[in-house]
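See below for the structure under consideration.
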Protein chains: 2
Amino acid sequence: MISPEWQELIAQKRAARDSYIPSAWRVPSQIMDKIHPEANLSAFDLLKESNLLTSREIEITESWDATALLGFLASAKISSLEVTAAFCKRAAIAQQLTNCLTEILFDKALDRARLLDEYLAREGKTMGPFHGLPISLKDTMMVKGEYATLGFVSYLKKPPAEENSVIVDMLLDAGAVLYVKTNVPQTLFICEGYNNVFGQTMNPHKLCLTPSGSSSGEGALVGFRGSVLGVGSDIGGSIRAPSLCCGAFGFKPTANRLPYAKQQALIPKGWPGIMPTLGPHATSARDLTLLFKSIVQGQPWVRDSTAQAVAWRDVPRKSKLRIGVWPSDPDFPVTPPVSRALASAVEKLKAAGHEVKLLTQPPSLKTAAILGGRSLDLDPDQSIFKILAEAGEEPIPALRELRPDELVSGREANLAEIWSINADKEDYREEWGRIWREEKLDVLLCPGGRTTAVPHGKYGVPAYTIIWNLLDFPSSVVPYLQADKSLDLPATENYDPVVVDKAPVGVQIVGWRFQDEEVLMATEVIAEVLAR
Amino acid sequence: MISPEWQELIAQKRAARDSYIPSAWRVPSQIMDKIHPEANLSAFDLLKESNLLTSREIEITESWDATALLGFLASAKISSLEVTAAFCKRAAIAQQLTNCLTEILFDKALDRARLLDEYLAREGKTMGPFHGLPISLKDTMMVKGEYATLGFVSYLKKPPAEENSVIVDMLLDAGAVLYVKTNVPQTLFICEGYNNVFGQTMNPHKLCLTPSGSSSGEGALVGFRGSVLGVGSDIGGSIRAPSLCCGAFGFKPTANRLPYAKQQALIPKGWPGIMPTLGPHATSARDLTLLFKSIVQGQPWVRDSTAQAVAWRDVPRKSKLRIGVWPSDPDFPVTPPVSRALASAVEKLKAAGHEVKLLTQPPSLKTAAILGGRSLDLDPDQSIFKILAEAGEEPIPALRELRPDELVSGREANLAEIWSINADKEDYREEWGRIWREEKLDVLLCPGGRTTAVPHGKYGVPAYTIIWNLLDFPSSVVPYLQADKSLDLPATENYDPVVVDKAPVGVQIVGWRFQDEEVLMATEVIAEVLAR
């Protein structure tokens, strides 16, 4: 039970956050009154209804991706101050409509934008590849002087960060403007958007649907274009699931190619399970490349001894990709919109001249889900639950339900289990290795999840994403089509075409470990085909 | 106790091996009679005395490195048959003088050489980067139809290999000639050269000294120039220690950059400790690059799902390296010849214009030795010792003495220990990270071992090499100078300048994880300076 003392701290935290939203940016109360996690409403419609954005602000936040904006910023066609102000305002509205933010840094962001505009005028050159661009951050990133509660009630008593996460230092050195931190679900180990500190983050496309998670706020914010570039983290789908559910692009690199050092405390040091990885949320495929490439070219391993010293490689764009297609696994059947999107993507890719190879005997996804579950179950101390208990928090239902007994039953977390996981993983990777080898795949195309966004609390086991964390294979998601209740039939016990109608759909693109460059190249190529 | 039945199998094995040495290549008995593991004799002197090699054979085996020989082979200036015959003969003599071989494949090698010569004549091009060159292999590599006993008595009953190790396939595809497999110490977990199947491998520079190990036979064979290029493996120093002790070059890459798949069974699958890695033994720095680069450019990850998909990078040669120098650790004091060689190397490098930076506060080597010991102690089943027990083998004294209680006492191999090792390793790596960062190091120069070669059984804990396995940092060794009883004083309880007189000395060059290319580049640069 969360005590009244903690409840008071929660109320103060929310009030403090909201106080950073200027009154001129407040969504009218007649709109705010309609917003709740069961509302069948689109944040885009509500934005229009609010009439808060000027046409210039709409143009800035909706017309371009980060790459285009950075071009304008570098050539001083548009000032960082104007871009930053527009995104601060749109993020403020996103917060009010979807509850996606944890920390608001608008004043600092606007100061920083002015400084960057002056720098460009004075020096005649940019500060770096992100010069003047507002970049959003998942709450786990530490920004000096700012909080990082991760939605843990007990973390409300943690002091503000004394130093930046390494990725934050690198973004700042490269000229980025930091303006918001974004929400996460309780413990970050579920693909949902609820925690007791900040409440429920909602999907901008339909408030009654989950944004998924754990980079829930990034998903909602970038999906709403309150940000065009954000940094999230992924240990089982936490970048890709919310990107897909919210209609955005996302990329989970090979672990530790982006610098993970100095994130807020979560898993104790020494964790032998699946390694989390940072990665971009974006509104275009090329922006995934932009973020990953710019950071890797900044040599993160020089600053972070946990980062892989694997340099960026330019890979030539292929006009004819060899794409393996894995449409669905029988143990985790995909819903009709997911299946339709993938089939449509395959047709378009074929028509565009790519070689598409349907996998006839793919390895079992259940094997990966079980191995993934076992690999996340290696903490006999249950450290994460201790953080909850410190403030009397109970696990939310979605967290309690996450690991069905069938996936991990009969296992004991001990040294023999690590040997067994390692051996099973090696065998399982080899099963995929044989396919990659025999089919000579550039990349694999598969679902990014069993479903589109579903009602809050119902996302379930992210089998189609955790498999690639287990294998440490880089993978991206590309939004494509949306659920259509007239096409995506039939309804079943676990699938209601009306409930998910208009939810974004997408596909996942997967490459071999360390072939991040190839995955990004293929993602750009495939996204272009799908956009035609 | 090894039973008479097993003793008989051992005798048969040795006789079978020796039967592959043609009588014309036999070392005269008056020389053979002098050979034993306490003999203060040089195999080079005995070779001369034997008068077995023609001047042409001496020229072929002593004048060039692999790179030069491959140039002659590719341009048909010299045939593979002539090169192969010369190295078979010299390897046969090496075997008789130092007992370095386990399997002899001369007939197949000569057939293969003929085939390659025909191929070149017919096709007008080489089969690949190793066209026609004899390459030696540590006994762990599987060659179809050949045995791989690893010196385990119980492995004498294993059938010959049914398929090649992946590295073997790649070498063959690249045109290599395989002609010998080389000896290892009991269990491969010590830097010595003795096992009950093949007996004692001796150091060619001085038979009474250890060749070190576990790539003992590679060290002795390449040190004797019975091979100019070999493949060994290293989990704690097993390539570098024998290379140094036998006056050769060696390189331990980042784990799994060379394909490890399908080695003979040793550590059971799933091992969570330090990962072993393959690497080259050579007679020049550029040959280390040659082997590593050629294999990595062959994309081992396409054949071996455990190999890192990290492509070869060309790194520009630096005329001015920034070299950190770590001369010695107080807990593992180096002997006078090691110290003198390092000091002399530093002077030469300074004189050649390189920036040399003495580390004033290096991390503790004892921390690494303890962590290394703990990381090799994660098998409660003691699988390695079970392999010995199967044939009644007792651990040899050097193996029993390897892990002093002080290094691992009070530890239990369990899940908590893995967390603890991981966390301690991360902290320890960060200690080195700070140094690399602050000193902006290209590479680190340090001892490759506490001593030169010492009497058999006395090599001890390879702290100066296992540290880089623990951290997974690529590291090479470069032979430089030799022990000199008139210079390397004073004698101490554990150091006798007369015993080690004339033993080869050398230095170790270390780079950050995955910076294999930088280490190889620096090794070439430094070796050139030291050769002046």
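The values are calculated or read from the model by the stated rules, or taken from the named source; none is laboratory data. A quick note: this is a predicted structure, and the numbers were derived from the prediction, not measured. Methodologically, a virtual Cβ is constructed for each residue, glycine included, from the backbone with ideal geometry; neighbour enumeration extends over all protein chains shown.
Buried (at least 24 other Cβ atoms within 10 Å of the Cβ) and among the charged types (D, E, K, R): which single residue out of B:496, B:501, B:516 fits that description? On inspection, the qualifying residue turns out to be B:516. Taking helices (runs of 4 or more DSSP H) as the structural unit, those lying wholly within region A:32-84 and holding at least 3 residues that are touching a residue at least 40 places away in the same chain (Cβ under 8 Å) and over 26 Å from residue A:122 (Cα atoms) correspond to A:43-50.
Among the hydrophobic types (A, V, I, L, M, F, W, C) and either in contact with a His (Cβ under 6 Å, 6 or more places away or on another chain) or within 14 Å of another protein chain (Cβ to nearest Cβ) (or both): is that true of residue B:470 in this structure? Yes: the conditions hold for residue B:470.
Select, from A:454, A:443, the only residue that is more than 30 Å from residue A:297 (Cβ to Cβ) and β-branched (Val, Ile, Thr).
Details: A:443 fails: more than 30 Å from residue A:297 (Cβ to Cβ).
The unique qualifying residue is A:454.
For residue A:243, the conditions (1) surrounded by fewer than 24 Cβ atoms within 10 Å (Cβ to Cβ); (2) at pLDDT 95 or above all hold with the exception of (1).
Starting from residues that are in a loop (DSSP other than H, G, I, E, B) and in contact with a Ser or Thr (Cβ under 6 Å, 6 or more places away or on another chain), keep the ones in region A:322-343 and report whichever is surrounded by the fewest Cβ atoms within 10 Å (Cβ to Cβ). Ranking the candidates gives A:334 first. Under the condition of being small (Gly, Ala, Ser) and surrounded by fewer than 23 Cβ atoms within 10 Å (Cβ to Cβ), which residue from region B:519-531 is nearest to the chain's Cα centre (by Cα)? Once the filter is applied, the top-ranked residue is B:527.
Residue A:416 fulfils the conditions (1) modelled with pLDDT under 95; (2) surrounded by fewer than 20 Cβ atoms within 10 Å (Cβ to Cβ); (3) over 30 Å from residue B:257 (Cβ atoms) except for a single criterion, (3). Among the residues of region B:391-406, are any more than 25 Å from the chain's Cα centre (by Cα) and at the interface with another protein chain (Cβ under 10 Å from one of its Cβ atoms)? Taking every residue of region B:391-406 in turn, none turns out to be more than 25 Å from the chain's Cα centre (by Cα) and at the interface with another protein chain (Cβ under 10 Å from one of its Cβ atoms).
Could you check region B:372-382 and list, in sequence order, the residues that are within 12 Å of chain A (Cβ to nearest Cβ) and among the hydrophobic types (A, V, I, L, M, F, W, C)? Residue satisfying the conditions is B:378 alone.
For region A:410-424, the set of residues classified as more than 7 Å from chain B (Cβ to nearest Cβ), at negative phi and not basic (Lys, Arg) consists of A:412, A:416, A:417, A:421, A:424, listed by residue number. Just the residues that are among the acidic types (Asp, Glu) and within 11 Å of residue B:257 (Cα to Cα), please, taken from region B:279-317. Residue satisfying the conditions is B:304 alone. Every condition in (1) in contact with a Leu (Cβ under 7 Å, 6 or more places away or on another chain); (2) closer than 22 Å to residue A:197 by Cβ; (3) outside any loop (DSSP other than H, G, I, E, B) holds for residue A:15 except the one numbered (1).
Taking strands (runs of 3 or more DSSP E) that do not extend beyond region A:173-285, which have at least 2 residues that are farther than 23 Å from residue A:312 by Cα and more than 14 Å from chain B (Cβ to nearest Cβ)? Talk me through it step by step, then tell me what you get.
Values: elements: A:177-182, A:229-234, A:249-252, A:277-282.
Result: A:177-182.
Answer yes if at least one residue in region A:433-447 is at pLDDT 95 or above, within 27 Å of residue A:271 (Cβ to Cβ) and within 14 Å of chain B (Cβ to nearest Cβ), and no otherwise. Looking for residues that are at pLDDT 95 or above, within 27 Å of residue A:271 (Cβ to Cβ) and within 14 Å of chain B (Cβ to nearest Cβ), one finds at least one in region A:433-447, hence yes.
Of all residues in region B:127-156, which are aromatic (Phe, Trp, Tyr) and within 16 Å of residue B:66 (Cα to Cα)? Spell out how you get there, then give the answer.
Here is the first cut: in region B:127-156, the ones aromatic (Phe, Trp, Tyr) are B:130, B:147, B:152, B:155.
Matches in region B:127-156: B:130 only.
The single condition from (1) surrounded by 18 or more Cβ atoms within 10 Å (Cβ to Cβ); (2) of a type outside the set (D, E, K, R); (3) away from chain A (no Cβ under 14 Å) that residue B:319 fails is (1). As a summary of the residue check, residue B:366 satisfies the conditions (1) part of a helix (DSSP H, G or I); (2) among the charged types (D, E, K, R); (3) within 14 Å of chain A (Cβ to nearest Cβ); (4) in contact (Cβ under 8 Å) with a residue 24 or more places away in the chain except for the one numbered (3).
Scanning region B:293-316 for residues that are within 10 Å of chain A (Cβ to nearest Cβ) and assigned to a helix (DSSP H, G or I) gives B:301, B:302. For region B:124-172, taking the residues that are charged (D, E, K, R) and assigned to a loop (DSSP other than H, G, I, E, B), the one that is farthest from residue B:396 (Cα to Cα) is identified as B:125. Go through A:265, A:241, A:255, A:261 for me and flag whichever is free of Cβ contacts under 8 Å to residues at least 12 places away in the same chain and under 27 Å from residue A:379 (Cβ atoms). Checking each option against the conditions leaves just A:265.
Filter region A:336-351 for residues that are over 25 Å from the mean Cα position of the chain (by Cα) and over 19 Å from residue A:439 (Cβ atoms) and give the result.
Of region A:336-351, the ones over 25 Å from the mean Cα position of the chain (by Cα) are A:347-351.
A:347, A:348, A:351, listed by residue number.
Among the residues of region A:45-53, are any within 25 Å of residue A:287 (Cβ to Cβ) and either surrounded by 13 or more Cβ atoms within 10 Å (Cβ to Cβ) or aliphatic (A, V, I, L, M) (or both)? Checked against the condition, which is being within 25 Å of residue A:287 (Cβ to Cβ) and either surrounded by 13 or more Cβ atoms within 10 Å (Cβ to Cβ) or aliphatic (A, V, I, L, M) (or both), region A:45-53 yields at least one hit.
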